[in-house]
Amino acid sequence: MEEVIKYFESLEERIATLEAELASLEAEMDELKNRPEPEPQVVEKVVEKIVEVEKPVEVIKEVIKEVVKEPEPVVEPVVEEPVKEEPAVEEPVAEAEPEPEVKEEPAVQEEAEQASPKAAVYGKSVDDIRLAISLGDRFLYQRELFDQNAELMQRTLTDINELNSYEEAIMYIGKHFQWDTESKTYQQFLVTLHRRFG
């Protein structure tokens, strides 16, 4: 019970302190309300002084710009040294022996196919279009071209595999889908078609 009484006494002391502060603030506000406004002439004089101080600063900046000019680059003349010609030494030419003919093995033929211009641009050709699609591309095509429909994508890839040429595949896509032909994903899918049809 004594603690409650002490608590209330401390509250009363705080309230008294706050009331005293409030009274002093009210007195200051009354004093500010009754204070006359400054004359406009005083404000104009202060503004004039500020302008007077700013003018020399601008003049000093202009003088500094004139004094400190960027030096013009000095162009040094290029002197060319005369080239000394060495006398040509003729070496005896040995007759080259004819190289034996080497038959290309299947592995060498595959490398030649990979080095063809189309292989360099589109990658190695494949018999099944699914083999030309990486896992990341599979998710990309499914999301952006087939509206998250995995079954539709699989059915389309199966149908494309049964076609005979790249042109037929393009016609098939144009007939069944309304894809944005300017999108990067569509262009990437065309590269995959090139790998299937060569």
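The values are calculated or read from the model by the stated rules, or taken from the named source; none is laboratory data. What you see is a predicted model, and the numbers here were worked out from it, not measured in a lab. A quick note on method: Cβ atoms are made from the backbone with ideal geometry, for glycine too, and the neighbour counts reach across all protein chains shown. The area values use the complete protein model at the heavy-atom level, side chains included, leaving out ligands, DNA and RNA. Shrake-Rupley method; radii C 1.70, N 1.55, O 1.52, S 1.80 Å.
Observations on the structure shown:
- Qualifying residues in the range 150-169 (those that are among the small types (Gly, Ala, Ser) and part of a helix (DSSP H, G or I)) - the one farthest from GLY136 (Cα to Cα): ALA169
- A Cβ distance below 6 Å, combined with a sequence gap of six or more or placement on separate chains, defines the contacts here; from the range 170-198, residues that are touching a residue at least 40 places away in the same chain (Cβ under 8 Å) and closer than 11 Å to TYR141 by Cα reach residues that are part of a helix (DSSP H, G or I) and open to solvent by 70 Å² or more (accessible area, probe 1.4 Å) in the pairs THR185/GLU144.
- The range 124-143: number of residues that are open to solvent by 40 Å² or more (accessible area, probe 1.4 Å) and closer than 12 Å to LEU193 by Cβ: 1
- Restricting the range 155-198 to residues that are over 18 Å from ARG130 (Cα atoms) and of a type in the set (D, E, K, R), the residue that is least open to solvent (accessible area, probe 1.4 Å): ASP180
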